Amino acid sequence: MQQPDINGHFGPFGGRYVGETLMPAIIELEAAYREAAADKNFIATYQDTLTHYVGRPTPLDYAQRLSIYAGGAQIWLKREDLAHSGAHKINNTVGQGLLAKRMGKKHLIAETGAGQHGVATATVAARLGMDCKVFMGAEDVRRQAPNVHRMELLGAEVIPVTSGTATLKDAMNEALRYWSATVADTFYVIGSVAGPHPYPMMVRDFQRIIGDEARRQFLAFNAKLPNTITACVGGGSNALGIFTAFLDDPVELLGVEAAGEGLDTMRHAATLNRGRPGVLHGSKSYLLQDKDGQILEPWSISAGLDYPGVGPEHAYLKESGRASYTAVSDDEALDAFHILTRLEGIIPALESSHALASAIREARQRDRNNHIIVCLSGRGDKDLTHVQQLTASKKSEVK
Amino acid sequence: MNRFEKTFAALSSANRKALIAYFTAGDPDMHSSFATLDAACKAGVDILELGVPFSDATSDGPVIQAAASRALANGATLQGVIDLAARLRAAHPDLPLVIFSYYNPILNFGLERLGAVLDAAGVDGLLIVDLPPEESAELTTQFGDLDLPLIRLVAPTTPPQRMATIADGAGGFIYLITRIGVTGSGTLDIAALARQAGELRKFTPLPICLGFGISTAADARQLGSLADGIIIGSALVALAHEAGEQAPQIVAERVAAIRAALDHN
């Protein structure tokens, strides 16, 4: 059956759980999106922008030295790090930005964790001549300083959020509050396959180009399908972006969550591995929550995975068994970051490094006729200072 | 007749408006919270909304977010709020009591057992701020024959055709949000509000009460004339917090002043 249903449900997940002030806006948005998605001119503009502005299609790159290092399966990289502004996030912000313009909205707002979605929204706002406010947890502002500077250069106003744990979930809370007060002329560009319907569906649709291309590219190289697709999952937009094209194929789909300091500690962000169903930020999905239904603080080395929820379609894919979800620790991700940098000359984002670590782990157990595609969702320039500090503190621990 | 119907019938025959108070339950702890709420009810509150503290209150402004954080730091839970409701029920046999919550604590509690627990505590209704009519069937179908109405909200942004959907299946009263934005904020457009209340009246026989950002006796007097009652939340929560140990007395004085303004319409 086509997911989601008419009310935005993916099986028992998804739906619309927001205050009444926002309900008319998300109903209006859904109607506007369905109309735009059926409009050839809108789709042509979206695709044209992806080709000439974003630089799509991004390459599907065979990682020869990484594959030899892993010593088993062949590893392929879908190079979203080469998309304009440095990550897959731009695919979605181009789509939502064009939709906002079409709806006559004047202002864009966004939440951001690692800053990639904030940068991608600020980029599109500049391109379309719209103004832009980005809500970002104060802790993330500190961890991701280069992206804050980029957003400001692009003309966006970055609003540090100090409530709660001062990370991505709090940025999203504050963006929702701000949107409640400005809903008439403001478009909320949500960056993941989360939030109330229609966002999980719409963001997936704008991101599915990743998998559509990867499938075509892999078939062209190999005249067969890959065995496994792997991608990191915070909210889960790059994962659904690459999974969607393969849903009906006999291809394993493997999401990778952040195990932080370990799944058996309190410091992780592995929502599907360790959470329970609940409602946060407008939809029903898995959540990290305590026994009373209060949301727990997640933890990850990477700001983009540091989120206590997950897109509702992932919860559905987990429960239906179509996709499986593993987890990778901070240390494993950091190792994968260095390995890819040295072996292939590609500096990956710490988020994407989780998918890489999982691919290396899987490849080791397989033979060379097995093929794994990794969604390399973003580049690591934003993480350089953070990685430098982490590496320095590790060295001093060893001493 | 349930307690909502009795309360509104009595107010109506006395030509008075309902004064509805919201407090974050358990702020700063359950013991102090009981004393403040009990005093407020004695001073002239007609209906009491007990706010269930939630870690991610996306419809609330800073005052209620901070109150929720204090309550959670002192161990507030939904069960604790229901226990508080039972104590208030014993002290105020005729007062309608509403549990006001975000959906996640409710869902986490277990929808199957919730109705019976609320009923046993003497709770009269439920308001779930992030549960629109489109998603509420999974909850209400669990209530069976229990008289536990869902109080629903209409916003300044709600178009007339949607009011019908909201009114259908609503109970107790309708909460008409007076301003765009979160609790305790925003600017008031009286003419637009009067239009919205008039429009809503076409779709429901239920009492219409106005809330969000009402803080002073003057606000109460002005808005009371537009509807069947008014709801005050953030202003009382802030007052109780600032008053510290004096909260019961100071909140009671403010409630009495608002009551007087509302009655001299």
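Of the residues A:GLY309, A:GLY345, A:GLY304, the single one that is within 16 Å of the chain's Cα centre (by Cα) and open to solvent by 20 Å² or more (accessible area, probe 1.4 Å) is A:GLY304. Just one of the numbered conditions (1) within 14 Å of chain B (Cβ to nearest Cβ); (2) polar (S, T, N, Q); (3) assigned to a loop (DSSP other than H, G, I, E, B) is not true of A:SER285: (3). So for the stretch B:88-98 (the condition being part of a strand (DSSP E or B), touching a strand residue (DSSP E or B) at 6+ places or on another chain (Cβ under 6 Å) and either within 17 Å of B:SER33 (Cα to Cα) or open to solvent by 10 Å² or more (accessible area, probe 1.4 Å) (or both)), does at least one residue qualify? The answer is yes; a qualifying residue exists. In the condition set (1) within 14 Å of another protein chain (Cβ to nearest Cβ); (2) open to solvent by less than 10 Å² (accessible area, probe 1.4 Å), A:THR228 is compliant with all but (1). Any residue at all in the stretch A:352-367 that's over 21 Å from A:ALA73 (Cβ atoms) and surrounded by fewer than 24 Cβ atoms within 10 Å (Cβ to Cβ)? Scanning the stretch A:352-367, I find no residue that is over 21 Å from A:ALA73 (Cβ atoms) and surrounded by fewer than 24 Cβ atoms within 10 Å (Cβ to Cβ), so the answer is no.
Among residues of the stretch A:218-242 that are on the phi > 0 side of the Ramachandran plot, those with a beta-carbon under 8 Å from a residue that is open to solvent by 10 Å² or more (accessible area, probe 1.4 Å) and of a type outside the set (Asp, Glu) at least six positions away or on a different chain give the pairs A:GLY236/A:SER192.
Okay, residues lined up against (1) within 7 Å of chain A (Cβ to nearest Cβ); (2) in a strand (DSSP E or B); (3) open to solvent by less than 10 Å² (accessible area, probe 1.4 Å):
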| residue | (1), (2), (3) |
| --- | --- |
| B:PHE100 | no, yes, no |
| B:LEU114 | no, no, yes |
| B:ALA120 | no, no, no |
| B:LEU126 | no, yes, yes |
| B:LEU131 | yes, no, no |
| B:GLU138 | no, no, no |
| B:ASP145 | no, no, no |
| B:THR157 | yes, no, no |
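Search the stretch A:1-32 for residues being touching a residue at least 12 places away in the same chain (Cβ under 8 Å) and β-branched (Val, Ile, Thr), and hand back the single one that is farthest from the other protein chains (Cβ to nearest Cβ). Ranking the candidates gives A:ILE26 first. Set side by side, the residues A:GLY260, A:GLY234 differ, and just one is over 19 Å from A:ARG79 (Cα atoms) and open to solvent by less than 50 Å² (accessible area, probe 1.4 Å), which is A:GLY260.
Here is a yes/no grid of residues against (1) more than 18 Å from the chain's Cα centre (by Cα); (2) facing chain A (nearest Cβ under 10 Å); (3) touching a residue at least 40 places away in the same chain (Cβ under 8 Å); (4) within 30 Å of B:SER225 (Cα to Cα):
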position	(1), (2), (3), (4)
B:PRO96	no, no, yes, yes
B:LEU111	yes, no, no, no
B:PRO149	no, no, yes, yes
B:ARG152	no, yes, no, yes
B:ALA167	no, no, no, yes
B:ILE174	no, no, no, yes
B:GLN196	yes, no, yes, yes
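Please enumerate the residues belonging to the stretch B:67-79 that are open to solvent by less than 40 Å² (accessible area, probe 1.4 Å), facing another protein chain (nearest Cβ under 9 Å) and either of a type in the set (Gly, Ala, Ser) or out of contact with any Pro (no Cβ under 9 Å at 6 or more places or on another chain) (or both). The answer is B:ALA76, and nothing else. Scanning the stretch A:139-156 finds no residues that are at the interface with another protein chain (Cβ under 9 Å from one of its Cβ atoms), open to solvent by 10 Å² or more (accessible area, probe 1.4 Å) and not acidic (Asp, Glu). Of the residues A:ILE295, A:ILE210, which single one is open to solvent by less than 20 Å² (accessible area, probe 1.4 Å) and within 14 Å of chain B (Cβ to nearest Cβ)? Going through A:ILE295, A:ILE210 in turn, just one is open to solvent by less than 20 Å² (accessible area, probe 1.4 Å) and within 14 Å of chain B (Cβ to nearest Cβ): A:ILE295.
The values are calculated or read from the model by the stated rules, or taken from the named source; none is laboratory data. Not measured: the values here are computed from a predicted model. Because the Cβ atoms are built from the backbone with ideal geometry, glycine has one as well, and the counts that use them run over all protein chains shown. In case anyone asks, the SASA skips ligands and DNA or RNA and just uses the protein heavy atoms, side chains included. Shrake-Rupley method; radii C 1.70, N 1.55, O 1.52, S 1.80 Å.
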